[in-house]
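**Student:** There's a structure below that I have some questions on.
The values are calculated or read from the model by the stated rules, or taken from the named source; none is laboratory data. On a predicted model such as this, the values are computed, not experimentally measured, just so you know. Counting neighbours? That spans all protein chains shown, and the Cβs are built from the backbone with ideal geometry, glycine included. We work out accessible area using only protein heavy atoms, side chains counted, and drop any ligands, DNA or RNA first. Shrake-Rupley method; radii C 1.70, N 1.55, O 1.52, S 1.80 Å.
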Amino acid sequence: MVRACFGWNTSNALCDVDVSAFLLDKNKRILGDDWFVFYGQPVSPDKSAVWQSVNNVDREIIDLNLEKINSNVERIVFVLTINEAFAKNLHFGMLQDAYVRILQAKDNTELVSFKMEDYYDNVISMMIGELYRYQGAWKFYAVGNGMAKDLAGICQLYGVEVSG
């Protein structure tokens, strides 16, 4: 069991940042629409990934049981997205101190962490990091790849059907 913890600060109170996890196959596509974990769908079908909002050092966490996860899941991509960024003219230049840290769930030992350093005005979503399988073991990769896509755009990127 590991816990992915996320935090950030904002210079604009309108910045509502959401965390999501995309559980992807070997082709970097979602296994199905319910394999996208976020506030609106907090548990994966196999119950191996569970999202929750917290009010401590971290803002949101995703608990992961890597032994229980579907064998077709090859990577878990973590994304930070500013809610209603286009409508409210918000962007990552209004954030600071954004991070992901991966903890050993049993004792909260930090295994790895990544803190963003660059914040751009043309970015509204950030693939902050990913866990991936490598030769039977799970590894972490700090991505830090920003995009001018909202959550619906990120969903489409990974094959999630978005309505309306």
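**Student:** Name every residue in segment 127-141 that is at pLDDT 90 or above and either within 30 Å of ASN12 (Cα to Cα) or not hydroxyl-bearing (Ser, Thr, Tyr) (or both), in order of residue number.
**Tutor:** Within segment 127-141, MET127, ILE128, GLY129, GLU130, LEU131, ARG133, GLN135, ALA137, TRP138, LYS139, PHE140, TYR141 meet the criteria.
**Student:** Is one or more of the residues making up segment 32-45 in contact with a Ser or Thr (Cβ under 9 Å, 6 or more places away or on another chain), open to solvent by less than 20 Å² (accessible area, probe 1.4 Å) and under 28 Å from ASP121 (Cα atoms)?
**Tutor:** Taking every residue of segment 32-45 in turn, at least one turns out to be in contact with a Ser or Thr (Cβ under 9 Å, 6 or more places away or on another chain), open to solvent by less than 20 Å² (accessible area, probe 1.4 Å) and under 28 Å from ASP121 (Cα atoms).
**Student:** Here's a follow-up. Select from segment 9-31 the residues that are open to solvent by 10 Å² or more (accessible area, probe 1.4 Å), part of a strand (DSSP E or B) and under 21 Å from CYS155 (Cβ atoms) and list them in ascending order.
**Tutor:** ASP18, ILE30
**Student:** Also, quick follow-up: If you go through segment 133-150 one residue at a time, do you hit one that is surrounded by fewer than 19 Cβ atoms within 10 Å (Cβ to Cβ), of a type in the set (S, T, N, Q) and at positive phi?
**Tutor:** Yes: segment 133-150 contains one or more residues that are surrounded by fewer than 19 Cβ atoms within 10 Å (Cβ to Cβ), of a type in the set (S, T, N, Q) and at positive phi.
**Student:** OK, next. Got a number for residues in segment 109-132 being polar (S, T, N, Q) and surrounded by 12 or more Cβ atoms within 10 Å (Cβ to Cβ)?
**Tutor:** So the count comes out to 2.
**Student:** Looking at segment 81-122, which of its residues are in contact with a Leu (Cβ under 7 Å, 6 or more places away or on another chain) and under 30 Å from ASN65 (Cα atoms)?
**Tutor:** Hits for segment 81-122 are THR81, ILE82, ALA98, ILE102, LEU103, GLN104, THR109, GLU110, LEU111.
**Student:** Still on this structure, please answer the following. If you take the residues of segment 32-43 that are in contact (Cβ under 8 Å) with a residue 24 or more places away in the chain and not in a strand (DSSP E or B), which of them is nearest to CYS5 (Cα to Cα)?
**Tutor:** The qualifying residue nearest to CYS5 (Cα to Cα) is TRP35.
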